[in-house]
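Attaching a single structure in structure tokens format; questions to follow.
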Ligand SMILES: [Fe+2]
Ligand SMILES: [Fe+2]
């Protein structure tokens with residue numbers, strides 16, 4: 001799951017870069033030519049792409065955890081299989097994206113270690129709790145849905161290996177989204193308890209999905225290197241609006257109520273009121289929505305969200321537990337035992 | 001009916017080993033092996049489903065809707081691995097070879113439908129055993145620390161191996177075939193198992209006398225479904 005919303009910091013201008021090469025590089029990007037690992041690129045571009053691909057890879061790996069915790073409790077063979085395969089896909093996405101990052105100059109070991117040491121970040125949305133099966137349905141519907149929207153635009157980017165990886169990943173994300181949609185539909189067609197479970201989970205995840213696309217864009221975002229060099233294709237606010245236009249009416253059709261919620265420090269909803277802004281503007285065709293709590297967003301990004309410690313501790317534990325296997329594997333490539 | 005009983009025993013083993021191993025998805029020691037092990041866990045869950053279908057009734061009701069005593073898996077498959085890859089790998093290796101022995105016999109049975117199903121499953125089963133054989137060799141020969149961890153895992157699991165064969169038809173013969181499959185691999189990695197023969201008593205999981213750890217796993221597995229047992233999920 002999970003696109004890399006906003007890991008791209010505004011970069012310093014390309015001081016010290018050869019102006020002629022820089023001009024050619026920007027010309028190629030303007031012509032829609034893909035940049036490949038062996039090509040000349042400004043150092044700021046290489047670092048920016050690395051930061052972006054690494055952040056995205058980290059998000060896939062940490063993103064496997066909230067849903068992974070529900071594999072043992074999935075309520076049917078079909079759901080258990082689909083959820084296991086889904087989480088497995090996310091690990092595969094992480095693997096592919098670490099490969100893209102490796103080519104930009106950082107080893108996988110270093111990236112996995114920096115992740116568990118808290119030196120690098122992953123997507124904010126995985127720092128929220130998933131206390132019920134309804135949350136698993138919501139993650140696959142809303143968060144995978146948001147990830148597809150973001151990643152489809154990233155597939156129009158300029159860096160060849162990242163673009164090709166996005167295209168591969170997006171096919172699988174489409175399955176995740178379909179499965180999420182099917183889960184939500186099944187639950188909303190079910191019993192009172194199932195519907196309530198789904199509404200409660202929707203209340204927990206709606207604002208998180210709005211935050212998924214990152215904070216409001218700074219003025220002049222389109223002229224910053226991230227967009228000029230097509231690392232980032234679409235502005236956060238326009239992606240967010242597209243998401244609301246797609247999901248607000250879909251949620252209402254399913255019988256879900258779009259609420260503005262207050263949450264406690266554990267990410268649990270303490271009070272709700274219906275979002276009166278969530279209506280379609282006939283003039284623009286856009287659906288309105290109440291802006292999520294951006295103070296909360298920055299609090300969680302700084303490490304003080306409901307599940308930051310829990311997610312990171314589990315990943316670190318698994319990394320440490322697996323150390324001996326990686327060391328044993330380093331003794332040689334895998335071979336089959338001598339025939340009996 | 002020994003054949004039906006054996007199919008149920010293997011189907012429940014497959015369900016619970018798929019359940020235990022799928023829990024590792026996203027937490028494996030190496031990304032590539034995380035993915036491969038998860039694929040095998042999914043195979044195990046699918047194999048359970050294929051065998052439940054042959055037994056008749058709704059596979060989900062069989063998998064999730066029974067009382068704990070009605071399950072016929074052995075205690076080896078649900079023994080907690082405490083997040084130890086050595087235990088998880090050693091267990092999968094022993095269970096995969098046991099499954100192969102039974103599936104080979106199912107593929108020779110008089111029931112055409114079962115023959116067909118077993119033949120299909122055997123193909124995926126062969127991929128599992130090849131992969132696991134290679135990993136037992138790799139870890140057993142992967143240095144002193146790795147070897148010690150693997151030997152410790154086999155020492156921990158050995159007392160439960162007899163339970164694989166509890167209530168199983170032709171246990172002695174099948175036990176011999178199982179040893180013939182696992183021994184060369186273990187020897188190649190200088191690993192030992194201390195197992196003398198199939199369990200003659202019937203006092204374990206296959207008779208429905210489950211260990212506490214199975215009861216806990218089964219409760220977790222059925223937790224969501226039992227909120228609304230008759231609803232679609
Ligand atoms: Fe993904
Ligand atoms: Fe996904």
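The values are calculated or read from the model by the stated rules, or taken from the named source; none is laboratory data. As the structure is a prediction and not an experimental result, all values here were calculated from the model. Every residue, glycine among them, receives a Cβ derived from its backbone with ideal geometry; neighbour counts consider all protein chains shown.
Restrict the check to region B:69-79 and report whether at least one residue is at pLDDT 95 or above and either in contact with a strand residue (DSSP E or B) (Cβ under 8 Å, 6 or more places away or on another chain) or at the interface with another protein chain (Cβ under 7 Å from one of its Cβ atoms) (or both).
No, there is no match, as no residue in region B:69-79 is at pLDDT 95 or above and either in contact with a strand residue (DSSP E or B) (Cβ under 8 Å, 6 or more places away or on another chain) or at the interface with another protein chain (Cβ under 7 Å from one of its Cβ atoms) (or both).
Considering region B:14-33 alone, what residues qualify as being more than 8 Å from chain A (Cβ to nearest Cβ) and part of a loop (DSSP other than H, G, I, E, B)?
B:24 - this is the single residue of region B:14-33 that is more than 8 Å from chain A (Cβ to nearest Cβ) and part of a loop (DSSP other than H, G, I, E, B).
Given B:144, B:196, B:130, which one is exposed (fewer than 15 other Cβ atoms within 10 Å of the Cβ), under 24 Å from residue B:82 (Cα atoms) and over 15 Å from the mean Cα position of the chain (by Cα)?
Of the residues listed, the single one that is exposed (fewer than 15 other Cβ atoms within 10 Å of the Cβ), under 24 Å from residue B:82 (Cα atoms) and over 15 Å from the mean Cα position of the chain (by Cα) is B:144.
Report yes if some residue within region B:60-67 is surrounded by fewer than 22 Cβ atoms within 10 Å (Cβ to Cβ) and either in a helix (DSSP H, G or I) or under 13 Å from the mean Cα position of the chain (by Cα) (or both); otherwise report no.
Filtering region B:60-67 down to residues surrounded by fewer than 22 Cβ atoms within 10 Å (Cβ to Cβ) leaves B:60-61, B:65-67.
Those still in the list that are either in a helix (DSSP H, G or I) or under 13 Å from the mean Cα position of the chain (by Cα) (or both) too: B:60-61.
Yes, there is a match, as at least one residue in region B:60-67 is surrounded by fewer than 22 Cβ atoms within 10 Å (Cβ to Cβ) and either in a helix (DSSP H, G or I) or under 13 Å from the mean Cα position of the chain (by Cα) (or both).
Considering region A:75-101 alone, what residues qualify as being more than 7 Å from every other protein chain (Cβ to nearest Cβ), surrounded by 19 or more Cβ atoms within 10 Å (Cβ to Cβ) and away from ligand 2 (no atom under 14 Å from the Cβ)?
A:98, A:100, A:101
Within region A:63-74, work out how many residues are more than 7 Å from every other protein chain (Cβ to nearest Cβ), under 18 Å from residue B:37 (Cβ atoms) and within 16 Å of ligand 1 (Cβ to nearest atom).
Of the residues in region A:63-74, 1 are more than 7 Å from every other protein chain (Cβ to nearest Cβ), under 18 Å from residue B:37 (Cβ atoms) and within 16 Å of ligand 1 (Cβ to nearest atom).
Given the conditions (1) within 30 Å of residue A:180 (Cβ to Cβ); (2) crowded, with 23+ Cβ neighbours inside 10 Å, and given that residue A:35 satisfies all but one, which numbered condition is not satisfied?
(1)
Results for (1) touching a helix residue (DSSP H, G or I) at 6+ places or on another chain (Cβ under 6 Å); (2) within 14 Å of chain B (Cβ to nearest Cβ); (3) more than 30 Å from residue A:238 (Cα to Cα); (4) surrounded by 15 or more Cβ atoms within 10 Å (Cβ to Cβ), shown as yes or no for each residue.
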position	(1), (2), (3), (4)
A:302	no, no, no, no
A:307	yes, no, no, yes
A:317	no, yes, yes, no
A:321	no, yes, yes, yes
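So residue A:313 ticks every box in (1) surrounded by 13 or more Cβ atoms within 10 Å (Cβ to Cβ); (2) within 14 Å of another protein chain (Cβ to nearest Cβ) but one. Which box is left unticked?
All conditions pass for residue A:313, except number (1).
In region A:126-167, what count of residues is obtained for those that are more than 12 Å from ligand 2 (Cβ to nearest atom) and more than 14 Å from every other protein chain (Cβ to nearest Cβ)?
21
May I ask you to verify whether residue A:156 is in contact (Cβ under 8 Å) with a residue 40 or more places away in the chain and not in a helix (DSSP H, G or I)?
Considered against the rule, which asks whether it is in contact (Cβ under 8 Å) with a residue 40 or more places away in the chain and not in a helix (DSSP H, G or I), residue A:156 comes out as yes.
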